[in-house]
1. What is the P(r) of the stretch 222-282, as percent of Cα-Cα pairs per 10 Å bin from 0?
2. Can you compute the label reach from ASP246? Point 7 Å from Cα along the Cβ direction, backbone N cut-off under 17 Å, restricted to the stretch 386-421.
3. Quick one: 3J(HN,Hα) in Hz for the stretch 423-428, Karplus 6.51/-1.76/1.60 with θ = phi - 60°, rounded, Gly and Pro as x.
4. Per residue, how much space in cubic angstrom lies within the convex hull of the C-alpha atoms of the stretch 271-350?
5. Output the pairs from LYS164/LYS251; LYS318/LYS416; LYS366/LYS429; LYS279/LYS391; LYS86/LYS279; LYS255/LYS284 with a Cα-Cα distance over 31 Å in this structure; if there are none, say none.
6. From the mean inverse distance of alpha carbon pairs (Kirkwood) and the Cα radius of gyration, derive Rg over Rh for the stretch 358-438.
7. Using θ = phi - 60° and the Karplus relation 6.51 cos²θ - 1.76 cosθ + 1.60, list the HN-Hα couplings for the stretch 393-410 in order, rounded to whole Hz, with x at every Gly or Pro.
8. Calculate, in nm to one decimal, what SER120 and LYS164 gain on full extension: separation in residues at 0.36 nm each, minus their alpha carbon distance.
Amino acid sequence: MLSKFIYADPVKPVITVLVVIVFLIAGFITSDLYSAFWLPVALAAEANQSADDGTDEALMGSIGPQISIDVKSADLRDVLSALAIKMDINIVMMDSKAQPVTFQAKNIPCGKALDLIIRSKGLSYVKEGNIVIVGTQDMLPKDVFEQTILTRFETYYIAAAKLKGLIEQLSIPDVKVLTVDTNPHAIWVQGTAKSLQKVRELVYAVDIEENAENTEKPEALNYREIKTENISSGRALEILNAGLPDDMKIKRYVKLQNILVVFDQNLFKRWDLVENLIKDFDFKGAESQNVYVHQLSNVVVGDAAQWLQQFDFAGEIKVVAPNNYDRFNQQITVICPPALVKQVRDALVQLDQPKKSVKVPVLTYKGEHGNTVLNAKKSLLSELTGISQYKMHVSKNIGTTDNPEYVLWVEEAPNKIKQIRDMLDEIKKNEESESSGTE
């Protein structure tokens, strides 16, 4: 977790001076170094944002959601931080002085509000990727993203020494790090805006309550690496979060060129699923292809993927369908050239048409409690598949009084019935697995 601003604590000016002196002695500070605020915001949801030309026009227009804003004599840093959260960007302020700002507007894009507020204070800004640097014109030379910036990061749950060790272990490029004994939860980092963003990603990934100092959990800061050959770490993250099931989305990570460092420990037990998925999509040309997500209504991913092969796409599309989840999932993700997106969409709409219903028995139970058991199974199947219970029926006793027998039958489209049968197979596997584990 990050503090609202990451900079020298004004309550302890002596410590701040000593820290800067230490940096000077260590040779950390160069002639072109700036000391800046880093306004912490939520990590961008889109993992693979492309860099623009670095000009402030990139934030003009309709960037971000529409907002209404009314602030009076508010701290400029607080206002920009709030806008940054709305826009999923990171803002670095080159001037650490507090500046009051008064601004009022209704129903304008966040980007436009950001632009107007910054200019109202006589400041300028440049943008690259999801990083925006704000300062006076003379503070923003053309190579500002290559300039070194001195920034203080504060941690809440892990010691700064551990964070420093991780920075060194991961070989985050172009940064120099210093911790101070007087504050075990503060760390000073010198680097470019891009390299400091990597440090910030790392802080976000590991500085959480479950990683608080605990000798019983030495594995708390464990991580896994995904190394790619043909795609960037950002594209790898995008593909994985599109193809993995909801309970395996990657939330805490650091993107380093062609290495994606993952700290979500709930993924580690199923890491083979992650590796197999990215292996299928780490091919030449994947970086420039579109990731298209389509919500199906009547068929599952596995069937749609199989039927797509009948269309003349010349092997230019790939369907994200990890392991057996394609038997139940109805959100299909396709990676394809931009020119084929419309054709793929039209093909999926054509494939996803409702089918005529048929009546088919799917499960039989013998015993006096058969009716109760099958009704319970019916309720569970409805919850797992999303198919209405009204489509499922339990028969009357078709056996004898001494040997009762009941049947669960379904009136649905063939593909829906297949989905129910697949789910019954999955339930049976789990029951057999649990049974063998208790023997």
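Laboratory data are not the source of any read-out in this text; all were calculated from the coordinates shown. Just so it is clear, the structure is predicted and the values come from calculations on it, not from any experiment. Glycine also receives a Cβ, built like all others from the backbone with ideal geometry; neighbour counts cover every protein chain displayed.
1. Values per bin, smallest distances first: 25, 65, 11.
2. 386-388
3. For the stretch 423-428, the Karplus curve yields 5, 4, 4, 5, 4, 5 Hz.
4. Dividing the Cα hull volume of the stretch 271-350 by its residues yields 88 Å³.
5. Listed pairs above 31 Å: LYS279/LYS391; LYS86/LYS279.
6. Rounded to two decimals, Rg over Rh is 1.00.
7. Per-residue couplings from phi come out as 9, 10, 6, 6, 4, 9, x, 9, 5, 6, 10, x, 9, 10, 10, 9, 10, 10 Hz.
8. Going from the current span to full extension adds 12.0 nm.
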